[in-house]
Each structure stands twice: as structure tokens, then as C-alpha cells.
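Undergrad: The structure follows.
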Amino acid sequence: MKSILIVEDEEAISRVLSVYLKKAGFNVTRVPDGRMALEAFELSPPSLILLDIMLPNMDGFELLQLIREKSSCPIIMLTAKDEIKDRLAGLDGGADDYMSKPFIPEEVVARVNAVLRRPSQWSDGSSKRHFGSLFIDYSARSVLLNGAEVNLSPRDLSVLLFLAERPNQICRRDQLIEHVWEMDYEGSDRAVDLSIKRLRQALSHWPASEGEIRTLRGVGYQLWTT
């Protein structure tokens, strides 16, 4: 059963949303402020977060940023702030959807189901990408898994970046050699296989439900994600 974290300081709204979501078959956790939400998220990451903006202790935008630094957990903003700049701030910050108060509870449930049907990877442009608990920052050339840095050699990192730029696409060995080892490489394509083996070891704690590096025998490799 999928779980929803409701972050809302208005008790009446929080209670109504909880009733409708539970009726739709979700497990629901409710918290009234940003700090408690962050603690609840780190203790047990939910399937989706319904996030108000105007919160005590930590506002929704700050909480959104902290979560997006380490997770692609779907987030729907629920707020009375309906100005276009607020919508853009939420969506540009990585929110998956944005709903203004007052809203119809049945529509919130429909939006939740729609967002949960989307692919799990999240990107804020071309520089950062999330695949569940795997976070890749292209600009910084860094990789985090469950919030911890993954140490990779420059070449293995380049292989992972190449695959991650093409999720669910098949990448041939000759493509990897051309783009990572470069055109004048004269060694064996076995180097690609060994790099993939090292990457799998480095990402051994990445849940298979979120993604994996797959081998397509006789063809190449694929960074498969759900």
C-alpha cells in the first residue's frame, strides 16, 4: 500500500485530505510543520508528499529544496498562494504538481494518482537528475546514493553519466568507447564490461525497484529505471 505524507498546519484541511486518501487506499501520515515533515520523511520516505507552503518552523519551499537534494519523491504543493511567481517557484524547485486552495478533495486524490503513474526520475534541467535514491549532479560531477557520496573513478563516472543521460535507452559498447574512451582508443571493449562491473558494485545498495544497470547481451547496456 502506498503512503502519503500530508504537511499541512490547518487541522481541518489535513483531516479532510486524510479521510479521502485513506478511503482511496493510501496509508497517511500527517504533520503540521516543516521540521516535523523532514523528520518523518527521513524516518520513512513516503510514496508522495502533499506540501503546504505557509508552514511553521520551515516553509514549504525550503522543505522542497532539502528533499530534492536527495530524493525524487513526488511532491504536490497545496497552498493559498496562487500568484504565478509562487507556482513557478514550486515547479522550478522540483514540485510535480501545484494545487491552489480551496480545492475539491476528490481532485486532490485524482492528482495524487496521476503523479504516481508518472516515471520516477526527476530532473531540474540538464544539471541534476534523480532516479529514486540515486542523485546525479552533472555540473559537480558527483553522485549520491541514499544521501551518501559514491566514490567513482573519473572514467567510471563518465560511463554512469553517459548512461544516466539516456535512461531506458540501449547504449552500445562502441558508443561508450567513442564518447568515454574517445575515438583513438585501441584497447579491448572488455574495458567497458569491467567499468560496468565496478559501477554495479558501487551502486549495490540502489534498490532494484528504482533502477539498475542492465546488460543486453550482444548489444550493450542500459540504465533502466521505473
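Undergrad: Name the pairs: first residue in region 22-36 and touching a residue at least 12 places away in the same chain (Cβ under 8 Å) and outside any helix (DSSP H, G or I), second residue of a type in the set (Asp, Glu) and open to solvent by 20 Å² or more (accessible area, probe 1.4 Å), Cβ to Cβ under 6 Å, at least 6 apart or on different chains?
TA: If the second residue must be of a type in the set (Asp, Glu) and open to solvent by 20 Å² or more (accessible area, probe 1.4 Å), the pairs left are Pro32/Asp9.
Undergrad: Which residue is farthest from the chain's Cα centre (by Cα), if the candidates are limited to region 18-35 and must be modelled with pLDDT of 95 or more and among the charged types (D, E, K, R)?
TA: The qualifying residue farthest from the chain's Cα centre (by Cα) is Lys23.
Undergrad: I need a count of the residues in region 10-53 that are open to solvent by 50 Å² or more (accessible area, probe 1.4 Å), hydroxyl-bearing (Ser, Thr, Tyr) and within 15 Å of Val109 (Cβ to Cβ).
TA: Looking only at that region, the number is 1.
Undergrad: For region 157-171, which positions are open to solvent by less than 10 Å² (accessible area, probe 1.4 Å) and either farther than 15 Å from Ala202 by Cβ or not aliphatic (A, V, I, L, M) (or both)? Let's see the steps before the verdict.
TA: To start, the set of residues in region 157-171 that are open to solvent by less than 10 Å² (accessible area, probe 1.4 Å) comprises 159-160, 163-164, 171.
Within region 157-171, just Cys171 meets the criteria.
Undergrad: Please go through region 189-226 and give me each residue that is touching a residue at least 60 places away in the same chain (Cβ under 8 Å) and surrounded by fewer than 12 Cβ atoms within 10 Å (Cβ to Cβ), ordered by number. Explain how you work it out, then say what you get.
TA: Step one: of region 189-226, the residues touching a residue at least 60 places away in the same chain (Cβ under 8 Å) are 203, 205-207, 209-211, 223, 225-226.
The answer is His205, Ser209.
Undergrad: Exactly one of (1) open to solvent by 60 Å² or more (accessible area, probe 1.4 Å); (2) under 15 Å from His130 (Cα atoms); (3) among the aliphatic types (A, V, I, L, M) is unmet by Ile84. Its number?
TA: Evaluating Ile84 over (1) open to solvent by 60 Å² or more (accessible area, probe 1.4 Å); (2) under 15 Å from His130 (Cα atoms); (3) among the aliphatic types (A, V, I, L, M) leaves (2) as the failure.
The values are calculated or read from the model by the stated rules, or taken from the named source; none is laboratory data. Nothing here was measured: the structure is a model prediction, and the numbers come from that model. Here the Cβ is made from the backbone with ideal geometry for all residues, glycine too, and neighbour counts use every protein chain on show. Surface areas here come from the heavy atoms of the whole protein model, side chains and all, with no ligands, DNA or RNA. Shrake-Rupley method; radii C 1.70, N 1.55, O 1.52, S 1.80 Å.
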